[in-house]
Structures are given as C-alpha cells and as structure tokens.
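**Q** Starting off with a structure, shown below.
Each reported figure results from applying straightforward, stated rules to the coordinates on display, with no laboratory input. Just so you know, these numbers come straight off a predicted model, no measurement behind them. All Cβ positions, glycine included, derive from the backbone under ideal geometry; neighbour counts span all protein chains shown.
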Amino acid sequence: MADSNLTPIIEDLVQQLVTAIEQTSVLRVQEAIAGAFGVPQKRGPGRPSAASRAIASVAVGRRMAAASPKLAQARRLQGQYLGALRALNEATKAKVKKVAKEKGVAEALKLAQSLRKAK
C-alpha cells in the first residue's frame, strides 16, 4: 500500500530532475555557440568584470545635490524621532506612532522624549 503511494511521487521527482538537467545542458550548448561567435558570456554571481566595475566607479563618483534646509531639517527630525522610538517599549511606541500619524512627527517626538524622561 505504501509502495503504491510512493511510486507517483518518485516518478514526479525523477521527471523534475530530468527536466532540470536538460535545461542546464541546453544553456551550456547555447553559451558555447554564442562564445564561438564572439558574443560575451553571461557572468554568474561573484566578482564583476573589469568593464562593469569601471562603469560603476564613474557612477559612484557623482555627488548628490545638497539638500535644501527644509529637507535637511525634516531628515534631522525623522532621525531624532526614530532614535527616541528605540528607547520605548512596544505599548508606548504604539501611542507615539499614533500621535505621529495624527499630529505629525514633531509632536510625536516631543511625546516620546517626555515619556522617555518619565521612566
């Protein structure tokens, strides 16, 4: 009885393995043919080629435009808010997050700092 239940499972597994091996073989043949015609091969995971590293280094060298004072203040406020949240327990965090949604991050930061001092 157990043998009759396993047979279709094993046959399915064997079929999946055969399909995977055939796909791998087809990819290898395609890469060999493409290489024979001078088409660059796709690289797998690992260290990128020198050409792509050169392109990436040009992109990395670019500077971002300076943030406006308004944006810088918003980022600073957000960082202070997140830092204040880290020191609170889950129930208090929920209250502070609710205030942030309703009244804004500045009010939530004030609440979080006052609750932190109350500890």
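**Q** For residue 47 and residue 14, compute 0.36 nm times the residue count separating them, minus their Cα-Cα distance, and round to one decimal in nm.
**A** Additional length available on full extension: 8.4 nm.
**Q** Which length gain, in nm to one decimal place, applies between residue 82 and residue 97 when the Cα-Cα distance is subtracted from 0.36 nm times their residue separation?
**A** Full extension of this stretch gives 4.4 nm more.
**Q** Using per-residue counts of other Cβ atoms within 10 Å, averaged over each peptide, order 70-82, 104-116, 10-22 from highest down.
**A** 104-116, 70-82, 10-22
**Q** Work out how much length residue 89 to residue 39 would gain on full extension: take 0.36 nm times their residue separation and subtract the Cα-Cα distance, in nm to one decimal.
**A** Full-extension gain reported as 12.2 nm.
**Q** Something else about it: Dipole magnitude of the range 69-118 about its Cα centre, charges +1 at Lys/Arg Cβ and -1 at Asp/Glu Cβ only, in debye to the nearest 20?
**A** About 60 debye.
**Q** If you don't mind, another one. Compute from the Cα atoms of the range 69-118 the Rg and the Dmax, the latter being the longest Cα-Cα distance, and quote both in angstrom.
**A** Looking at the range 69-118, its Cα Rg and Dmax stand at 10.5, 34 Å.
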